[in-house]
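Heads up, the thing below is written out as structure tokens.
Just so it is clear, none of the values below were taken in a lab; they were calculated from the coordinates. Fair warning: this is a prediction, and the values are worked out from it, not measured in the lab. Cβ placement follows ideal geometry from the backbone for every residue including glycine, while neighbour counts extend to all protein chains displayed.
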Amino acid sequence: MKANASATSKPIPGPTQRRRGLKILLLALAISVLGAGGYFAYDRWLAPGADPSFELYPVRGVDISAHNGEIDFAKVAADTLVSFVYIKATEGTDFIDRNYYDNVRESARAGIPAGAYHFFRFDTDGEMQALNFLWALRGRRFALPPAIDIEEWGNPDGHATARIVERLRDMISLLEAHGVHPILYTNKDGYYRFVRGNFDTYPVWICSFSDPPLEGDAPFAIWQYTHHGHIDGIPTAVDLNALSPTAPFTLPRRQ
């Protein structure tokens, strides 16, 4: 139904009013974007993290990538807090972390049990991502199961959950066809959006700053409890992780 314009019409805003309205709209949009960005920045870089009990979670480790710079693994190995390391290998269909090969070689030389992980892209083919990861894993033996990092941070918006899950399932299927059985890394949002109800049989590596890390009795194998750890030999803040005593795998003794 259309109102009678002749009885209710208002003066048409002039140029000054239109410019003022546009400025207000742009300011509102900027505040909205900054607010969302601030939330993610806080979650990623400023959130204090949790403090797991050493009695319950005595086995700790780190995960690293080229963003952590050049690492002195001899110093890392000397830190009693570090029992394992996860190393970024690949991302998407064709990216290999520039420090991956050095980190794998040097962590092995230092005797630190290691695993490799792949950052999963929402906007590329799952099977092609599996091939990229498999290429990086070939000929290398790791103490920890390969991990797939599934999170909204660093991924583009606008991809339907069902499509992301389909691509992830394609990736996992091809990995398993080659004998690679992954652990799934994600945060709470990613767990409830992508993993729960879709990949419940896979071990979960959960990023969570609360204790317990997941609501109820949801199982997890590894708990990433802070992004702000400090380990001698690593020049930047680093993610710290705790191995669950119920994890479906164990670590070998340090060499």
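Applying 0.36 nm per residue to the separation of R169 and D102 and subtracting their alpha-carbon distance, the gain on full extension is 21.1 nm. Over all other residues within a Cβ to Cβ distance under 14 Å of P156, the charged ones net out to -2, with Lys and Arg as +1 and Asp and Glu as -1. The stretch between K75 and D211, if pulled fully straight at 0.36 nm per residue, gains 46.0 nm over its current Cα-Cα span. Points 7 angstrom from Cα along the Cβ direction at T201 and F54: gap in nanometres? Once both label points are built, they end up 4.0 nm from each other. Summing charges over all other residues whose Cβ lies under 12 Å from the Cβ of P52, with Lys and Arg as +1 and Asp and Glu as -1, gives -2.
Considering all alpha-carbon pairs of segment 53-243, what whole percent are spaced by more than 22 angstrom? Percentage above 22 Å: 45. Around the amide H of N187, modelled in the peptide plane, lie the amide H atoms of C207, all under 5 Å away and 5 or more residues distant in sequence or on another chain. Within the set of other residues whose C-beta is less than 13 Å from the C-beta of L243, count the net charge using Lys and Arg as +1 and Asp and Glu as -1. For residues surrounding L243, the net value is 0. Using Cα pairs closer than 8 Å and at least 6 residues apart in sequence, work out the relative contact order for segment 53-243, in percent. It rounds to 24 percent for segment 53-243. Summarising the amide proton neighbourhood of N99: residues at separation of 5 or more, or on other chains, whose placed amide H is nearer than 5 Å comprise A66. Extending 7 Å from the Cα toward the beta-carbon at both D125 and A66 defines two label points whose distance is 2.4 nm.
Considering only beta bridges that DSSP places wholly inside segment 53-243, some 30 percent are antiparallel.
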